[in-house]
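Novice: Before anything else, here's the structure in question.
The values are calculated or read from the model by the stated rules, or taken from the named source; none is laboratory data. In this text, all values refer to a predicted model and were calculated from it rather than measured experimentally. Heads up, the Cβs are rebuilt from the backbone with ideal geometry, glycines too, and the neighbour counts pull from every protein chain shown. Quick note on the areas: whole protein, heavy atoms, side chains included, nothing else; ligands and nucleic acids left out. Shrake-Rupley method; radii C 1.70, N 1.55, O 1.52, S 1.80 Å.
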Amino acid sequence: MKNRSYICLVVAFMLAGTCRFASGQPPRGQLVISPQVNPDKTVTFRYMAPSAKDVKLSAQFEKGPVAMAKGDNGMWSITVGPVKPDIYPYNFIVDGIQVMDPGNVAFFPNERFKASLVDIPGETPLIHSMQDVPHGTITYTGYTSKTMNGIYRPLVVYTPPGYEKNPQKKYPVLYLISGTTDTEETWYKVGRANLILDNLIAQGKAVPMIIVMPYGNNFIEISGPASPDVVPMYQTYSNELINDIIPFCEKNFRITADREHRAVAGFSRGGGQSLWAGLSNTDKFAYICSFSAYLTKEAFEQHFTSFYSNPEVTNKNMKLFWLSIGNEDFLYKQAAEFIDLLKTKNITTRTLITTGGHTWMNCKLFLSEAAPLLFK
């Protein structure tokens, strides 16, 4: 009886403590729905900041930051648009400080700026949208880089639909490098490379392929994306791709290991790294794609004489040499000059000049247009 009374007393004490603990919790704040994409393609953004004096929205579809209005409850809000369907980065500027949207779990993987993402769907599914088709698999992995003194380097790898079902089948591979300060996740989370390939494969426009998305930062600072100072950075990354990344991937994934089934592509700095690695190793890459990047005349003529000295041989050996840029891109002038330089050398290229700037909206377009040309 004494033991039973003791147990009851302990349970009662615990319940009482629990009730006191629960009642002592601070009240939940107001639920913030942000961003809210409306049926007419306008978008409402909200940010709870009762003490803030000024809150602005900074979004890639706007020309500059726009002021948000403060409600009586401390909720700042604004409705903008209609906005052209696509995926856009945005953030709030709160009393001069840039912050991500705390109501949004979708974010832009980047090592410097921090932005959230808003996805404006199209009336018909866009090429990067989730569609009712077979889907590939995303694998997070990594390797020890001998080129980078033994440090661990991450990779994100896309394997196409059906990869797990046929363990004997091998696939061609695209090494896809992101831009300056981006991470190995950016082509996946912002560029939607996996969904683009899922949809292209389902439509019969692209062959099933593996996509390797490496971390492109090798910690060598440069003064400009195409100055002679890029040579150490580009060459170091080329070495890492050839000596570390490719051997690791061919050991751990079912990759057809020859140049006719190997491509390299990239955006911005990653485009420059792709150009350098591809042109330096034409015995290993039959496909080279540059998105919003270039090489200077001096760097190209100094380091790649063998590539342009016999254009007939080069054009025969290269399955695809792709160059694309937006006409509002801050690198447009230099990229256009590089395209013209290749023409004077009688090098055959496929080019795509679009509207728009140095954006991941253009990146998705470039990939969706170039991928169908690979491995055919």
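Novice: Give, in nm to one decimal, the length gained when the segment between residue 340 and residue 66 is fully stretched (0.36 nm per residue of separation minus the Cα-Cα distance).
Specialist: Gain on stretching residue 340 to residue 66: 94.7 nm.
Novice: Run the simple label-point estimate for residue 51 and residue 242 please: 7 Å along Cα→C-beta, distance reported in nm.
Specialist: 5.7
Novice: Oh, and also: Which value, in nm² and rounded to one decimal, describes the direction-averaged projected area of the C-alpha convex hull of the range 127-171?
Specialist: Its Cα hull, projected and averaged over all orientations, spans 5.0 nm².
Novice: What is the list of residues in the range 270-288 whose amide nitrogen lies under 13 Å from a point 7 angstrom out from the Cα of residue 250, following Cα to Cβ?
Specialist: Backbone N within reach: 283-286.
Novice: Let me make sure I get this right: for the range 45-163, a, b and c are the square roots of the gyration tensor eigenvalues over alpha carbons, sorted descending. Under 1.5 in a/c it's rounded, otherwise prolate if a/b > b/c, else oblate. Which is it?
Specialist: Because a/c hits 1.5 or more and a/b fails to exceed b/c, the range 45-163 counts as oblate.
Novice: Let me ask something additional. With the Cα gyration tensor of the range 96-204 giving a ≥ b ≥ c as the square roots of its eigenvalues, does the rule (a/c under 1.5 for rounded; else a/b larger than b/c for prolate; else oblate) give rounded, prolate or oblate?
Specialist: It is oblate, given that a/c is not under 1.5 and a/b is not larger than b/c.
Novice: In nm, what is the difference between 0.36 nm times the number of residues separating residue 376 and residue 38 and their Cα-Cα distance?
Specialist: So the chain would gain 117.6 nm between residue 376 and residue 38.
Novice: Based on the Cα atoms of the range 226-376, what semi-axes does the equivalent ellipsoid have, where each is the square root of 5 times one gyration tensor eigenvalue, given in whole Å with the largest first?
Specialist: They are 22, 18, 16 Å, listed from largest to smallest.
Novice: Could you state how much accessible area residue 130 has, in square angstrom rounded to the nearest 10, with a 1.4 Å probe and all protein chains kept in place?
Specialist: Its accessible surface works out to 130 Å², give or take rounding.
Novice: Kindly identify the chain as rounded, prolate or oblate by the Cα gyration tensor criterion: order the square roots of the eigenvalues as a ≥ b ≥ c, call it rounded if a/c is under 1.5, otherwise compare a/b with b/c, prolate if a/b is larger, else oblate.
Specialist: prolate
Novice: So, one more: List the equivalent ellipsoid semi-axes of the range 307-376 in whole Å, largest first, each obtained as the square root of 5λ for an eigenvalue λ of the Cα gyration tensor.
Specialist: Result for the range 307-376: semi-axes of 23, 17, 6 Å.
Novice: Checking the cross-link filter: which aspartates and glutamates have an alpha carbon closer than 20 Å to that of residue 84, excluding same-chain neighbours under 8 positions apart?
Specialist: Filter leaves 40, 62, 119, 123, 328, 329, 369.
Novice: Give me the Å³ per residue figure for the convex hull around the C-alpha atoms of the range 42-99.
Specialist: 74
Novice: So what is the relative contact order for the chain, in percent, with contacts set as C-alpha pairs under 8 Å and at least six apart?
Specialist: 12
Novice: Still on this structure, I have one more. With springs only between Cα atoms under 10 Å, which of 358, 128, 303 fluctuates most in a Gaussian network model of the chain?
Specialist: Most flexible of the set in this elastic network: 303.
Novice: Shifting gears a bit: Could you pull the Rg and Dmax for the range 268-334, using just the Cα atoms, both in Å?
Specialist: Both quantities, over Cα of the range 268-334: 12.0, 35 Å.
Novice: Take the chain, connect every pair of alpha-carbon atoms lying under 10 Å apart with a spring to form a Gaussian network, then pick out the residue of 292, 238, 274 with the largest mean-square fluctuation.
Specialist: Comparing 292, 238, 274 in a Gaussian network model of the chain, the most mobile one is 238.
Novice: Which of the pairs 316/345; 333/364; 114/251; 205/364 have their Cα atoms more than 24 Å apart in this structure?
Specialist: Violating the 24 Å limit, Cα to Cα: 114/251.
Novice: Okay, next question. Round to the nearest 10 and report in Å² the accessible area of residue 99, as given by a 1.4 Å probe over the protein chains' heavy atoms.
Specialist: 40
Novice: Now a separate question. Among the lysines, select those whose C-alpha is under 21 Å from the C-alpha of residue 53, and discard any that sit fewer than 8 residues away in the same chain.
Specialist: 70
Novice: Give the residue list of chymotrypsin sites (Phe, Trp or Tyr not before Pro) in the range 49-117 that are DSSP loop and have at most 14 other beta-carbon atoms within 10 angstrom.
Specialist: 113
Novice: Then there is this: Which of the GluC sites (Glu not before Pro) found in the range 323-376 are in a DSSP loop and have at most 16 neighbouring Cβ atoms, other than their own, within 10 Å?
Specialist: Within the range 323-376, the qualifying GluC sites (Glu not before Pro) (loop, at most 16 other Cβ atoms within 10 Å) are 328.
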